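Scroll down for the structure; my scribbles are underneath it.
The values are calculated or read from the model by the stated rules, or taken from the named source; none is laboratory data. Bear in mind that the values here come from a model prediction, so they are computed numbers and not experimental data. Reconstructed Cβ throughout: ideal geometry from the backbone, glycine too, with neighbour counts over all protein chains shown. Calculation scope for accessible area: heavy atoms of the full protein, side chains included, ligands and nucleic acids excluded. Shrake-Rupley method; radii C 1.70, N 1.55, O 1.52, S 1.80 Å.
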Amino acid sequence: MKFCVIYQQTSNNAQSPVRVVELTTARGVGWINRYLDREYVRRVANTSLRTYAHNLLHFLRWWESVHPTGDVREGDLTESTLLDYVKFQSSQQPRPSPSTINDRVAVADRAIRNEYPHAPCQIARGFHEAFWRRRPMGLGRPRTDMSRLRVKSAQTQHRAALGG
(Lines give C-alpha, C1' and ligand atoms only; values in the text may rest on other atoms or scores of the structure.)
Protein backbone atom coordinates (compact mmCIF):
# COMPACT_ATOMS: atom_id res chain seq x y z
CA MET A 1 0.00 0.00 0.00
CA LYS A 2 1.08 3.54 -0.68
CA PHE A 3 -0.17 6.39 1.45
CA CYS A 4 0.02 10.12 0.84
CA VAL A 5 -1.15 13.46 2.22
CA ILE A 6 -3.61 15.41 0.10
CA TYR A 7 -5.09 18.89 0.45
CA GLN A 8 -8.73 19.44 -0.58
CA GLN A 9 -10.76 22.58 -0.28
CA THR A 10 -13.97 21.73 1.52
CA SER A 11 -17.04 23.69 2.47
CA ASN A 12 -17.60 21.44 5.50
CA ASN A 13 -16.50 23.30 8.64
CA ALA A 14 -16.06 20.04 10.53
CA GLN A 15 -13.74 18.31 8.04
CA SER A 16 -10.05 19.06 7.75
CA PRO A 17 -8.85 20.04 4.27
CA VAL A 18 -5.72 17.94 4.93
CA ARG A 19 -6.30 14.19 4.54
CA VAL A 20 -4.19 11.03 4.54
CA VAL A 21 -5.32 8.56 1.88
CA GLU A 22 -4.26 5.25 0.37
CA LEU A 23 -3.02 6.24 -3.08
CA THR A 24 -4.41 3.47 -5.31
CA THR A 25 -7.94 3.36 -3.84
CA ALA A 26 -8.16 7.01 -2.64
CA ARG A 27 -9.64 5.59 0.58
CA GLY A 28 -8.98 7.77 3.59
CA VAL A 29 -7.16 6.44 6.65
CA GLY A 30 -9.98 6.76 9.17
CA TRP A 31 -8.17 7.08 12.49
CA ILE A 32 -5.74 9.70 11.16
CA ASN A 33 -8.41 11.72 9.36
CA ARG A 34 -10.63 11.71 12.46
CA TYR A 35 -7.71 13.13 14.46
CA LEU A 36 -7.09 15.80 11.80
CA ASP A 37 -10.81 16.66 11.83
CA ARG A 38 -10.73 17.10 15.63
CA GLU A 39 -7.74 19.39 15.35
CA TYR A 40 -9.38 21.34 12.51
CA VAL A 41 -12.51 21.91 14.64
CA ARG A 42 -10.18 23.28 17.33
CA ARG A 43 -9.06 25.78 14.65
CA VAL A 44 -5.49 24.58 14.40
CA ALA A 45 -3.74 26.31 11.49
CA ASN A 46 -3.64 24.49 8.16
CA THR A 47 0.17 24.48 8.23
CA SER A 48 0.05 22.67 11.58
CA LEU A 49 -2.50 20.21 10.17
CA ARG A 50 -0.12 19.46 7.29
CA THR A 51 2.71 18.89 9.74
CA TYR A 52 0.54 16.56 11.84
CA ALA A 53 -0.52 14.70 8.70
CA HIS A 54 3.08 14.19 7.54
CA ASN A 55 4.15 13.05 11.02
CA LEU A 56 1.26 10.58 11.13
CA LEU A 57 2.03 9.47 7.57
CA HIS A 58 5.54 8.56 8.72
CA PHE A 59 4.10 6.59 11.66
CA LEU A 60 1.57 4.92 9.35
CA ARG A 61 4.28 3.78 6.93
CA TRP A 62 6.24 2.29 9.84
CA TRP A 63 3.07 0.66 11.22
CA GLU A 64 2.27 -0.87 7.84
CA SER A 65 5.81 -2.30 7.59
CA VAL A 66 5.33 -4.02 10.97
CA HIS A 67 1.66 -5.01 10.51
CA PRO A 68 0.04 -6.02 7.23
CA THR A 69 -2.44 -3.13 7.32
CA GLY A 70 -2.58 0.62 7.67
CA ASP A 71 -5.47 0.33 10.10
CA VAL A 72 -4.44 0.57 13.73
CA ARG A 73 -6.55 -1.61 15.98
CA GLU A 74 -6.66 -1.32 19.74
CA GLY A 75 -5.78 -5.00 20.13
CA ASP A 76 -2.58 -4.50 18.10
CA LEU A 77 -1.29 -1.72 20.36
CA THR A 78 1.15 -2.72 23.08
CA GLU A 79 2.89 -0.79 25.82
CA SER A 80 6.02 -0.66 23.68
CA THR A 81 4.47 0.52 20.39
CA LEU A 82 5.85 4.05 20.54
CA LEU A 83 9.17 2.88 21.96
CA ASP A 84 9.51 0.53 18.97
CA TYR A 85 8.71 3.48 16.71
CA VAL A 86 11.43 5.58 18.38
CA LYS A 87 13.92 2.72 17.89
CA PHE A 88 12.96 2.48 14.21
CA GLN A 89 13.51 6.20 13.68
CA SER A 90 16.81 6.15 15.55
CA SER A 91 18.09 3.40 13.26
CA GLN A 92 17.29 5.26 10.02
CA GLN A 93 20.06 6.70 7.89
CA PRO A 94 20.36 9.63 7.89
CA ARG A 95 19.11 9.75 11.46
CA PRO A 96 16.31 12.28 12.02
CA SER A 97 16.99 15.03 14.53
CA PRO A 98 15.84 14.41 18.10
CA SER A 99 13.22 17.15 17.79
CA THR A 100 11.79 15.50 14.66
CA ILE A 101 11.59 12.15 16.44
CA ASN A 102 9.93 13.77 19.47
CA ASP A 103 7.40 15.63 17.31
CA ARG A 104 6.47 12.49 15.37
CA VAL A 105 6.06 10.43 18.53
CA ALA A 106 4.05 13.13 20.31
CA VAL A 107 1.59 13.49 17.41
CA ALA A 108 1.25 9.71 17.05
CA ASP A 109 0.65 9.40 20.80
CA ARG A 110 -2.09 12.08 20.74
CA ALA A 111 -3.78 10.54 17.70
CA ILE A 112 -3.71 7.05 19.23
CA ARG A 113 -4.99 8.42 22.58
CA ASN A 114 -7.86 10.22 20.81
CA GLU A 115 -8.86 7.12 18.87
CA TYR A 116 -8.26 4.50 21.57
CA PRO A 117 -8.42 6.05 25.05
CA HIS A 118 -8.39 2.60 26.72
CA ALA A 119 -5.43 1.22 24.77
CA PRO A 120 -2.37 0.03 26.74
CA CYS A 121 -0.48 2.94 28.24
CA GLN A 122 2.42 4.18 26.11
CA ILE A 123 4.20 5.83 29.03
CA ALA A 124 7.62 4.34 29.63
CA ARG A 125 7.64 3.62 33.34
CA GLY A 126 10.66 5.02 35.12
CA PHE A 127 11.25 7.70 32.47
CA HIS A 128 8.57 10.09 33.66
CA GLU A 129 8.51 12.23 36.77
CA ALA A 130 5.78 14.38 38.28
CA PHE A 131 6.74 18.02 38.81
CA TRP A 132 5.14 21.36 39.59
CA ARG A 133 4.61 23.63 36.58
CA ARG A 134 4.30 27.32 37.27
CA ARG A 135 1.86 29.40 35.27
CA PRO A 136 3.16 32.16 32.96
CA MET A 137 4.46 35.18 34.86
CA GLY A 138 3.95 33.29 38.13
CA LEU A 139 0.22 34.01 38.24
CA GLY A 140 -2.01 31.55 40.05
CA ARG A 141 -1.07 28.33 41.77
CA PRO A 142 1.35 25.88 40.18
CA ARG A 143 -0.15 22.65 38.87
CA THR A 144 1.27 19.18 38.66
CA ASP A 145 2.51 17.95 35.31
CA MET A 146 4.28 14.88 33.99
CA SER A 147 7.60 14.89 32.19
CA ARG A 148 7.73 13.02 28.86
CA LEU A 149 10.32 10.71 27.37
CA ARG A 150 12.48 12.77 25.05
CA VAL A 151 15.22 11.74 22.67
CA LYS A 152 18.37 13.75 23.31
CA SER A 153 20.96 14.70 20.75
CA ALA A 154 24.43 13.17 21.00
CA GLN A 155 25.83 16.61 21.87
CA THR A 156 23.41 17.01 24.80
CA GLN A 157 24.21 13.51 26.05
CA HIS A 158 27.95 14.25 25.81
CA ARG A 159 27.55 17.50 27.80
CA ALA A 160 25.51 15.67 30.45
CA ALA A 161 28.21 12.98 30.73
CA LEU A 162 30.83 15.69 31.27
CA GLY A 163 28.70 17.24 34.00
CA GLY A 164 27.94 20.47 32.21
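Suppose accessible area is computed on protein heavy atoms with a 1.4 Å probe; arrange Glu79, Glu22 from highest to lowest.
Values: Glu79 110, Glu22 10 Å².
If we order Glu79, Glu22 from most to least accessible, we get Glu79, Glu22.
Just to verify a number: what accessible area does Trp63 come out at with the full protein assembly present, 1.4 Å probe, Å² rounded to tens?
0 Å²
Rounded to whole Å, give me the distance from the Cα center of segment 30-54 to that of segment 55-76.
18 Å
Quick check: with the 1.4 Å probe, what order do Ser11, Ser16, Ser99 take by accessible area, largest first? All intermediate terms of the calculation are to be shown ahead of the outcome.
On the way: Ser11 115, Ser16 0, Ser99 70 Å².
Reading off the accessible areas and sorting them downward yields Ser11, Ser99, Ser16.
In terms of solvent-accessible area of protein heavy atoms at a 1.4 angstrom probe, what is the ranking of Thr47, Thr81, Thr10, highest value first?
Working: Thr47 90, Thr81 5, Thr10 50 Å².
Highest to lowest solvent-accessible surface, that is Thr47, Thr10, Thr81.
Determine, from the Cβ-Cβ distance of Asp76 and Arg141 and an R0 of 41 Å, the FRET efficiency 1/(1 + (r/R0)^6), rounded to the nearest 0.05. Working shown, then result.
Values: r = 41 Å, r/R0 = 1.00.
After rounding, the FRET efficiency stands at 0.50.
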